[in-house]
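Only one structure is covered here, and it is reproduced in the block below.
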Amino acid sequence: MKKVSTLFIALLLCTNVMAQSNFYKLSIGGGIGYTHSFTDVQKHDFDLAGYGTLDYYFTPFVSFGGELQKGQIVGGSVQTDPYERQFVNSYTSATVNGKLALGAFINYNRSSFSNFAKYLYVGAGAGVIHNKMRSVARFQESTGYKFPGNDYSNNITFPFDLGLNIYFRSYSGIPRLAVNINLQTNVTVGEGLDGYDDSSVRFKNSNPDIYNYYSVGIKYHFGPVGVSRKSLY
């Protein structure tokens, strides 16, 4: 009986060890994508922006880090906008955010699809966006009205992420390199994103200024090695 119990415990420990996997706790990344404006002007347009990230992983599926973005947000048209408004915002943003991946909750070894989807994540954070109007239509030519607003401003921004990391194993078998696909919605507090700050009586608008960021990039994992209770393979 004693031998049977010892053998059972040994098998249990062996199974537990085999189920574990190692992962790197740090990652650095960068990429490029398109911004899409949703501000007070009627035409919502696209432009380019780049980003860089640095993240710390508590587990393979839970992380916290920072992100820098730099690019342009554009919108409006002096030809088609009813108020002849148009802007080009050469912006820079710095945010911190946390991300939580699906693999923290599901048994992804049951199917190839769930195993692929385990790195699908959601995220949220906060930070600051610096707005710099590269160009902005300050006057309505048909009436001579001057639109109030600032060419330079800082606003609080709240990013919300939905994305997927597609990993490639290193020679050691630990996930190191990943392709990142991300959709980010940024909700700003203030009226600096498009450079227009008109009275709500003249231009009725109760919605915050928002821009989406659709990006593709590369993440490289490195640094201290952690142990995951779940197998990553």
> Fewest to most neighbouring Cβ within 10 Å: what's the order for Phe168, Phe61, Phe139?
Replying inline: Phe168, Phe139, Phe61
>> Which aspartates and glutamates, if any, have their Cα less than 12 Å from the Cα of Lys146, not counting same-chain residues under 8 positions apart?
In response: Glu84, Asp197, Asp198
> Going down the table (Lys99/Lys230; Lys25/Lys132; Lys43/Lys70; Lys43/Lys118), which pairs top 28 Å between alpha carbons?
Replying inline: Lys25/Lys132; Lys43/Lys118
> Taking only DSSP H segments of four or more residues, each worth -39500 (n - 2.57), what value at 222 nm results for the chain once the sum is divided by all its residues, to the nearest 500 deg cm²/dmol?
Replying inline: -3000 deg cm²/dmol
> What is the magnitude of the charge dipole of the range 42-196 about its Cα centre, with +1 placed on the Cβ of each Lys and Arg, -1 on the Cβ of each Asp and Glu, and no other charges, expressed in debye to the nearest 20?
Replying inline: 560
> If you stretched the chain out fully between Ala124 and Gln79, how much longer would it get, using 0.36 nm times the residue separation minus the C-alpha to C-alpha distance?
Replying inline: 12.5 nm
> Which residue fluctuates the most in the chain, going by a Gaussian network model with Cα springs under 10 Å, if the choices are Arg138, Arg110, Arg85?
Replying inline: Arg110
>> Just want to confirm a number: the relative contact order over the range 24-225, from Cα pairs under 8 angstrom separated by 6+ residues, in percent.
In response: 24
> What does the charge add up to near Phe222, with Lys and Arg as +1, Asp and Glu as -1, over the other residues with Cβ less than 15 Å from its Cβ?
Replying inline: +3
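Where a number appears in this text, it was derived from the coordinates with a stated rule and is not lab data. Given the structure is predicted, the values throughout are model-derived calculations rather than measurements. Note: ideal-geometry Cβ built from the backbone for every residue, glycine included; neighbour counts use all protein chains shown.
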